Structure formats: structure tokens, C-alpha cells
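FYI, it's all coordinate maths here, none of it is from the lab. All values reported here derive from a predicted model rather than from experimental measurement. Glycine also receives a Cβ, built like all others from the backbone with ideal geometry; neighbour counts cover every protein chain displayed.
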Amino acid sequence: MAHYKAPLRDLEFVRNELLSMNQFYADSAQWSEVSHDLASAILDECAKFSENVLAPLNPIGDKQGCTLTDGQVSTPEGFKEAYQQYVEGGWPTLEGPAAYGGQDLPSSLALAVTEMTGTANWAWSMYPGLSHGACHTIDHHGTDQQKETYLHHLMSGQWTGTMCLTESHCGSDLGLLRTKAEPNADGSYNISGTKIFISSGDHDLAENIVHIVLARLPDAPKGTKGISLFIVPKVNVNPDGTLGDNNALSCGSLEEKMGIHGNATCVMNFDGAKGYLLGPENRGLNCMFTFMNTARIGTSIQGLAHAELAYQNSLAYAKDRLQMRALSGPVEPDKAADPIIVHPDVRRMLLTQKAFAEGGRMMIYYVALFSDALKIAKTDEEKQQLENLLALLTPISKAFMTETGFEAANLGMQIFGGHGYIREWGMEQNVRDSRISMLYEGTTGIQALDLLGRKVIMSGGKLLQEAIGPMIEFCNNNADREELAEFITPLSALLKQWNSLTEQIGAAAMNNADEVNAACVDYLMFSGYVCYAFLFARAAKISQAKLAEGTNDKEFYEAKIYLAKFFYQRLLPRTSSLAQTMTSGVDNLLNKDINPF
């Protein structure tokens, strides 16, 4: 069974030493009362809930899975009680607007709660996690009446939410969807069609489930320009806010999945279910991006969660497992063999896991800080700049963090050796659970194409320059600091290379648009390594300063510097091969004169 301990010390470092979040809150009018003590108290309590309630349910959820009986989905043993405890603790309300029962706390603080609950039990955490996306979508695009009807209950956790996008023939091409929306005289619509891969589509945790559904109106244009968005509750809501009769929708079946067995992934049938238009007609996909971007950030956290869980358990195992002797001589001669943590190759794997966990933590809270800043931005120019940063960094976070999270999970199995392949240790579950993260909410390829094609090339490089700006400024401000040279020199070179690679691919794409698709995944991975390098360099600078001042936490800061050096020397060189492959051209993939298959 995998064990979990909330990394509160590292959260403190990232949130307040690296990113100065407490100071950011204090300087804002909206969050000035969110003190360090308040934030710490929230995170401490969430750590207890995650460690003591959710983590023990993780293997139970995997083993039992969800069941569908007489049209009703039941979650694994203990899930419902844990959810009620979560609701009673007020956790769903953290970042919601006060007008609808929320606490109006910063998203970056709520994100830490998501990280801890998700690492402890990803399958369980998806139930409340999707509700946040439903709340954001209704809050951004709903009418006042829709907000009043749904947000109070979604915010409290009394109801949960889902997003219903794709269909069996669609995949990521939502322009092909066929679900219909027929207008009724009372302003509602009858929604008919079948949606697949609906996470948390049905369950026994809450009294109602609010589905956010993509469908087509009669005579709507073909393709993505003819899609509208609808609110479709599982149980109809009366005008006075009470629950009425069951809506004409049902879970047709549960998907038999490789992992996250504790979360119900449903085929949902809408048989003339009553729904309500959310946002403008035929602009549903634009509105749904509010939900999808929330989900993409959530999936980024999943990458972090699996890396952290793999690292914690691998480290504990490597300290205890005795096998072979160190080549340089016995480390513990009084024992039959040395613990495997003394072997350099095992340490390579452990440090890789740690780098991806701690690097991912820095990355996701860096992005979250921009999200908070956007909420309180005062000028249109400031808002646009923050939106641009989020637009560029979101696909990098989602794809890079899930790819590296899966790598870390696989390394966990490798460190455990044969025991990693056995269920009782929890490492094979971590691998299975993590594999989906690179698929849903947009595959790595889809995220990469969005990054390179839409965000970088279609903006003429403007979004890239805005993201690179703070990194270049950091390098320039620290160029003369000899103690940082091992970080600043390679980072500066990579930032210049990032620009030159972008120009090279953009020029090639002018002659053949397929060049973008051929290069995009390598380009995204290159971008992710550079973003992490920037954050590790900042972490090293802070740690050097703390050590110079004198600190009681010497080991922590020394380990930070050591990990930054490991990242730069062992992982960052991967950018060299990525640069070579992304510029090798499309002909080795798509040659019209040769069929390699």
C-alpha cells in the first residue's frame, strides 16, 4: 500500500519563499486578510484529511471500483463518507464567490488543497474537482438566474458537476458531435444524444449532478461553429430551488478502465433531457474552454501528484531495501547487504522523481499566481498580458507535467523492482492511474499543437516573448553573480535557442504547414524543461541566500541547490536532442513519395 505525507515544508518554500504569495495576498485589497497563519492552518488541516482519510481509501477504490446497479452508480467503500466529511469541512467553498456561499480565497491557496487531496487519492479527488470547473463555467457565462439556481449548491458540494464533451465518433474533433438540442416553448431545450468518457458522470456522493453539455441547435452551422453549451441537471430543479423529478438522462454503462477505478467514468445517455442554454447560441465551445482550462490545470496537478507519490514511496523503500554492496565498498558492513539508496543508478531515479515533483510544484503555483493576479488586475492592458501568459503556460503545464509525472511513476516501479509489479505496494496502481493524464483534457499532441500552432506562431511570437520576458530579466539581473553562473549561463543560452527554434519552425511552416505538427511535441517538451530550469535557478538563488544568512534549516536549502544542479546536469541536457528532432523536418514522418508502412 502506498503511503502519503503532505509536503508542507516544500509547499511553504514554493508558495512564500519562491513566489511570495503571502506578500501578494497582503498587498491586494481582495485577500489582505489571508494571513500566513490562516493559510497555514488551512493547509495543515487539509494535510490531516488527505493523509488520514483519503490516502487509506486509495487502494480500496482501485480494488473495488465503481458499480452500476439498476441505473445507479455506487462508489467504493468509504468514498461517500469521506465526501461528506469534505463538504462538512467547507473545503468545496474555498475559492468560490461569497455571493454564492464561497469563501473568496485565492485560487493558489485552493490549488494546494487540490494537490494534497489529489496526491492522496486521485480517483476520489476528481468528484469535487470537476465541480470547480462547472462553477467557473456557470459563473463566467450563466445568467443571474442560472447562477442563483446552481452555484449555491455546487459551491457547497451539495451538488457536483461534470463536463460532457465527446462522443464515440469524435475523439478530440468536437466539430463532429451529433447530440441535439431541440427548443421548447418555455425556453428550455430537450437534449438527446450519447456522451462518453464522462468522469464522475454518475455516483452516490451528492443529491444532484449538474452536467455541462455540448450539443447542436437545429439548423446550426456545421463544425465547431455550430456547437452550443447547456446546463443539464440529473434531477430537475423546481423554480423555488428544490429538487423535482429525475431528468431524462442515465448512465448507460461504466467504462472498464486501466486505472482510476474509484472514479466513475460513464457513458451518459440523454433521452430528451431538459437543459438550459449556457452562454450564446453556437458559441458553446468558446464557453466550454472556461471549463476545459480549469480541467487542464487540474490535470497538471495530477502529473505532480503521481510524481510526488512515486518519490515518497520510492525513497522510503530505497532506504530500507537491502541488495548488493556499493561498488566503492560496504556502506553498512554489519548488514547482509547495503540499502539500495547507496547505488548511483537508484539515486539517479530518485532525484529524477524529486526534480519532476518539486519542479512541477514550482510550475503549477507559478501559473496559479498569474491566475490570481488576473482576478484583481485593474487595467485592460494588465489583464491582457496575464491572459496571454496563462494561454501560453497552460498547455506547457498540462502536457509537460503529465508526461514527466508518468515518467516518475514508472521510475517508482523500477526502484521497487519486482515488488513494484505487485499490487500491495501501490506503485503499479500509481502507474496505471497516471497514464490517463496524458490523454484526457487534450492529449499531449493536442496541447503541443495548441502551444506551437495557435499560441506561438499565430500570435507572431508575441505570447512567447511575454512568457520569456521575466526569465530574461532574471538572467540579466543575475548575470554578474558568480555563484549562479552554472545556472544563468545555460539558461540564457536556452532562452535564445527557444526563440531561434521558434523562428526556424515558423519559417519552415510557411512552406509546409505540416512542419508545425511534426515539431510540436518536441517543442513543448523543450519549453517545459526551460521553464523548470528558470524556476530551479530561482530556487537555487533563494537557497544560497538563506544559507549565507545562516539558517536552522540548512539541510533543506542545501538539498534545494543540489537538486537544481542535478536538474541542470542530468535532465536539462535533454533539450539538445529535442532541438535536433524538432528541426529535423517533416519528411522523416510524411513523405509523399514513400510509404513506410
Restricting to Cα pairs under 8 Å and 6 or more apart, the percent relative contact order of the chain works out to 12
Just want the ordering: Val367, Val87, from fewest to most Cβ atoms lying within 10 Å of their own Cβ.
Val87, Val367
Classify region 1-112: rounded, prolate or oblate, from the alpha-carbon gyration tensor (a ≥ b ≥ c, eigenvalue square roots; a/c under 1.5 rounded; otherwise prolate if a/b is larger than b/c)?
oblate
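If the chain between Leu243 and Gln414 were fully stretched, how many nm would it gain, using 0.36 nm times the residue separation less the Cα-Cα distance? Working shown, then result.
Numbers: separation 171, 0.36 × 171 = 61.56 nm, distance 5.09 nm.
Stretched fully, the Leu243-Gln414 segment lengthens by 56.5 nm.
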Assuming R0 = 25 Å, what is the FRET efficiency of Asp514 and Ser172, from their Cβ-Cβ distance, to the nearest 0.05?
0.90
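Rounded, prolate or oblate, given the Cα gyration tensor of region 39-186, with a/c below 1.5 counting as rounded? Kindly include the intermediate steps, with their values, before the conclusion.
Details: a/c = 1.95, a/b = 1.24, b/c = 1.57.
Because a/c hits 1.5 or more and a/b fails to exceed b/c, region 39-186 counts as oblate.
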With a Förster distance of 60 angstrom and the Cβ-Cβ distance between Ala545 and Asp70, calculated FRET efficiency to the nearest 0.05 equals 0.45
Computed lengthening from Lys319 to Asn591, 0.36 nm per intervening residue step minus Cα-Cα distance:
92.8 nm
Angle check, please: helix 485-511 long axis (alpha carbons) against the longest principal axis of the chain (alpha carbons), in degrees 0 to 90, nearest 10.
50
Within 10 Å of each candidate Cβ there may be at most 11 other Cβ atoms; applying that plus a DSSP loop requirement, which trypsin sites (Lys or Arg not before Pro) in region 221-302 survive?
Lys222
In terms of Cα to Cα distance under 23 Å, which lysines are near enough to Lys257, apart from those fewer than 8 places away along the same chain?
Lys63, Lys80, Lys195, Lys398
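Among the GluC sites (Glu not before Pro) within region 467-542, which fall in a DSSP loop and have no more than 16 other Cβ atoms within 10 Å of their own Cβ? Walk me through the numbers before you get to the answer.
Numbers: sites: Glu473, Glu482, Glu483, Glu486, Glu503, Glu515; in loops: none.
Of the GluC sites (Glu not before Pro), not one in the loops of region 467-542 has a Cβ with at most 16 other Cβ atoms within 10 Å.
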Once you place label points 7 Å from the Cα toward the Cβ at Met1 and Glu483, how far apart are they in nm?
4.5
If one compares the long axis through the Cα atoms of helix 284-320 with the longest principal axis of the Cα atoms of the chain, the angle in degrees, nearest 10, works out at 40
By count of other Cβ within 10 Å, fewest leading, how are Asp345, Asp334 ordered?
Asp334, Asp345
Those lysines that a straight Cα-Cα span of less than 22 Å connects to Lys319, excepting residues fewer than 8 apart in one chain
Lys5, Lys335, Lys354, Lys554, Lys560
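If you filter region 199-280 for GluC sites (Glu not before Pro), then keep DSSP loop positions with at most 10 other Cβ within 10 Å, what is left? The partial results should precede the final answer.
Working: sites: Glu207, Glu255, Glu256; in loops: Glu207, Glu255, Glu256.
Sparse-neighbourhood loop GluC sites (Glu not before Pro): Glu256.
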For labels at Gln84 and Arg432 in the simple 7 Å Cα→Cβ model, what's the distance in nm?
2.9
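State whether region 405-490 is rounded, prolate or oblate according to the following rule on the C-alpha gyration tensor (a ≥ b ≥ c being the square roots of its eigenvalues): a/c under 1.5 gives rounded; otherwise a/b larger than b/c gives prolate, and the remaining case gives oblate.
Details: a/c = 5.16, a/b = 1.54, b/c = 3.35.
Oblate, because a/c is 1.5 or more while a/b does not exceed b/c.
Between His140 and Asp380, what FRET efficiency comes out of the Förster formula 1/(1 + (r/R0)^6) with R0 = 30 Å and r the beta carbon distance, rounded to 0.05? Walk me through the numbers before you get to the answer.
Numbers: r = 17 Å, r/R0 = 0.58.
My answer for the efficiency is 0.95.
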Once label points are set 7 Å from the Cα along Cα→Cβ at both Ser253 and Ala493, what is their separation, rounded to one decimal in nm?
5.5
Can you order the peptides 150-160, 19-29 by their average number of other Cβ atoms within 10 Å per residue, highest first?
150-160, 19-29
Going fewest to most other Cβ atoms within 10 Å around each Cβ, Trp31, Trp124 line up as Trp31, Trp124
